[in-house]
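Participant: Quick one: this structure, given as structure tokens, is what I'll be asking you about.
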């Protein structure tokens with residue numbers, strides 16, 4: 001149950017009411033998130049106005065949505081956010097197999113070197129960001145421009161932060177239809193050089 005009081009759906013401001021009512025009956029997290037943010041609806045509206053265009057690679061974004069969806073799904077696993085892991089924000093760019101299991105094995109041959117580097121960076125930022133060193137930065141530079149690196153790190157950072165906030169406030173589901181077949185193996189950005 002949410003650690004914040006949940007407003008009644010009929011009392012939600014228009015943005016949150018649309019979000020709440022547009023969620024499917026089985027989408028507990030979206031409905032509860034909308035209700036929890038009734039105390040400060042503007043902050044969620046502004047956040048999502050940033051999030052969705054950059055995640056979808058709309059104008060102004062340098063990275064394609066596939067890279068961002070892969071790292072979002074990897075962060076979901078690392079954060080333990082089953083809601084985020086079950087969500088498909090770019091189903092046309094990432095196969096169901098990749099979404100369910102593939103992102104948890106960044107060394108898988110199906111991923112390009114660039115995708116493996118992005119997945120490794122996501123893991124390092126989530127698990128041991130202090131170990132990121134000059135060598136890891138040089139390795140990253142083999143796959144991403146400086147501008148792309150900044151965008152990738154910004155997206156990974158907000159995936160980590162928002163997912164953890166949802167978990168801390170108990171605004172995520174604890175059950176998920178997708179369970180990994182194998183335990184994920186830790187990778188570092190430097191290990192994929």
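Participant: From the list 101, 121, 70, which residue is surrounded by fewer than 19 Cβ atoms within 10 Å (Cβ to Cβ) and either without any contact (Cβ under 8 Å) to a residue 24 or more places away in the chain or out of contact with any strand residue (DSSP E or B) (no Cβ under 9 Å at 6 or more places or on another chain) (or both)?
Facilitator: 101
Participant: Can I ask one more? Have a look at 110, 76 and point out the one that is surrounded by 14 or more Cβ atoms within 10 Å (Cβ to Cβ) and either assigned by TED's automatic domain parsing to the domain that holds residue 164 or closer than 18 Å to residue 164 by Cα (or both).
Facilitator: 76
Participant: Okay, next question. Output the residue which, of all residues in segment 47-57 that are farther than 17 Å from residue 157 by Cβ and in contact with a helix residue (DSSP H, G or I) (Cβ under 8 Å, 6 or more places away or on another chain), is surrounded by the fewest Cβ atoms within 10 Å (Cβ to Cβ).
Facilitator: 56
Participant: Go through segment 35-61 and give me each residue that's touching a residue at least 60 places away in the same chain (Cβ under 8 Å) and assigned to a loop (DSSP other than H, G, I, E, B).
Facilitator: Of everything in segment 35-61, just one residue is touching a residue at least 60 places away in the same chain (Cβ under 8 Å) and assigned to a loop (DSSP other than H, G, I, E, B), namely 61.
Participant: Let me ask something else. Of 20, 32, which residue is in the same structural domain as residue 9 (by TED's automatic domain parsing), within 30 Å of residue 9 (Cβ to Cβ) and in contact (Cβ under 8 Å) with a residue 40 or more places away in the chain?
Facilitator: Residue meeting the stated conditions: 32.
Participant: Okay, next question. In segment 1-19, which residues are more than 10 Å from residue 41 (Cβ to Cβ) and not in a loop (DSSP other than H, G, I, E, B)?
Facilitator: 9, 10, 11, 18
Participant: Which one is modelled with the lowest pLDDT among residues in segment 18-39 that are loosely packed, with under 15 Cβ neighbours inside 10 Å and within 19 Å of residue 172 (Cβ to Cβ)?
Facilitator: 26
Participant: So is residue 126 touching a residue at least 40 places away in the same chain (Cβ under 8 Å) and within 30 Å of residue 26 (Cβ to Cβ) or not?
Facilitator: Yes.
Participant: Scan segment 155-170 residue by residue and report those that are part of a helix (DSSP H, G or I) and touching a residue at least 12 places away in the same chain (Cβ under 8 Å).
Facilitator: The answer is 155, 156, 157, 158, 159, 160, 162, 163, 164, 166, 167, 168.
The values are calculated or read from the model by the stated rules, or taken from the named source; none is laboratory data. Keep in mind that what you see is a predicted model, and the values were worked out from it rather than measured. Here the Cβ is made from the backbone with ideal geometry for all residues, glycine too, and neighbour counts use every protein chain on show.
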